[in-house]
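Student: The structure under discussion is supplied below as structure tokens; questions concerning it will follow.
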Amino acid sequence: MDRFLSRLYLALVGIFLAAPIVVVAGVSFNEKQNLAFPPQGFSFHWFAEIFVNPEWFRALVASVLLAITSAALAVAIALPLAWFLWRRVAPWAQVFQLLGVAPFTLPPVITALGFLTFWATSGFYGQVWTAVIAHAIFFVTLPLVTLTLGFSSIDRSLTEAAATMGADDRTVFRTVVLPLILPYVVSGYAFAFVLSLNEYIVAYMTIGFVRETLPIKVFNALRYGYTPTMAAVSVLFVAVTAAVFGLIARFGDLPKLMGAMSSKD
């Protein structure tokens, strides 16, 4: 009886969480341009609109390029920092880790206002590369956490043995450390990519009046009414997120990468 009630409870929670996605997905398949659920007719027209309409496609390309470059920059910042923190076991070294985590722990609107003030004061407001830097700093916490977990799983005797055999720090990192932490590098990049792709506030505060990303395009389009294209964009975001996390779960240890204990431990 207890098992039945627990399963029933989990099923109800799952239905409650999935209901908005189901409704949005249903609306995206409407044949006509109206907000109706269940959908009236069935059409992929609104998904095609994302790629056919120049404005929507331009916003999609802007979002993808921003996510690709900012996630790469976030990993480039987090990797040497995590490597330094792993090699320098000292209380003062944790200050750098706190600095790496700080941007993500603040309310997004506070961080966005900080970026807005900084770029406006420095005279670079509206440049696309400022959004790349802002997203990289904002999401650097994600690869930093995954890489910290990756470094903590390395047996230090391996690097000590390589150093004993005459390998310098660069060789040790390239031949011993990097292959062991590569899954954590990929997962950190994937986490930063997905969140950057969906992020609105920081992007809006840095380039929102100059360049539209897909989330900014959705919010701007709401001023002129609703179209199922917005629902199609939401479904696309969910599908990309599910695909990315699904691949990580398939080829890696997703619970461990997210900070939980590994089932292998």
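The values are calculated or read from the model by the stated rules, or taken from the named source; none is laboratory data. Bear in mind that the values here come from a model prediction, so they are computed numbers and not experimental data. Please note: Cβ atoms are built from the backbone with ideal geometry, for glycine as well, and neighbour counts cover all protein chains shown. Calculation scope for accessible area: heavy atoms of the full protein, side chains included, ligands and nucleic acids excluded. Shrake-Rupley method; radii C 1.70, N 1.55, O 1.52, S 1.80 Å.
Student: Bin width 10 Å, origin at 0, all Cα-Cα pairs of the chain: what percent of pairs per bin?
Tutor: Spelled out per bin, shortest first, that is 7, 23, 28, 23, 14, 5, 1, 0.
Student: Which whole-angstrom value gives the distance between the alpha carbon centres of region 96-164 and region 181-237?
Tutor: 19 Å
Student: Would you check the accessible area of TYR189, probe 1.4 Å, heavy atoms only, in square angstrom rounded to 10?
Tutor: For TYR189, the solvent-accessible surface is approximately 70 Å².
Student: Continuing with the same structure: Can you tell me the relative contact order of region 1-158? Whole percent, Cα pairs under 8 Å, sequence separation 6 or more.
Tutor: 22 percent
Student: Next question. What percent do you get for the relative contact order of region 1-43 when only Cα pairs under 8 Å and 6+ apart count?
Tutor: Relative contact order comes out at 25 percent.
Student: Dipole of the chain, Cα-centred, from +1 at each Lys and Arg C-beta and -1 at each Asp and Glu C-beta, to the nearest 20 debye?
Tutor: Working: 15 positive and 12 negative charges, 13 e Å.
Once rounded to the nearest 20, the dipole reads 60 debye.
Student: Round to a whole number: what % of the accessible area of the chain belongs to carbon and sulfur, probe 1.4 Å?
Tutor: Of the solvent-accessible surface of the chain, carbon and sulfur hold 71 percent.
Student: Using a 1.4 angstrom probe, figure out how much accessible area region 106-220 has per residue, in square angstrom, rounded to the nearest whole.
Tutor: Result: 47 Å² of accessible area for each residue.
Student: Take the chain, connect every pair of alpha-carbon atoms lying under 10 Å apart with a spring to form a Gaussian network, then pick out the residue of LEU17, LEU116, LEU178 with the largest mean-square fluctuation.
Tutor: LEU17
Student: Expressed as a rounded percentage, what relative contact order does region 53-257 have, with Cα pairs under 8 Å and six or more residues apart?
Tutor: So the answer I get is 34 percent.
Student: Same structure, new question: May I ask for the Rg/Rh ratio of region 1-43, computed from Cα atoms with Rh as the Kirkwood radius, given to two decimals?
Tutor: Ratio of gyration radius to Kirkwood radius for region 1-43: 1.28.
Student: Please calculate how many Å² of accessible area region 1-43 carries per residue, with a 1.4 Å probe and no DNA, RNA or ligand atoms counted.
Tutor: Accessible surface, normalised per residue, equals 80 Å².
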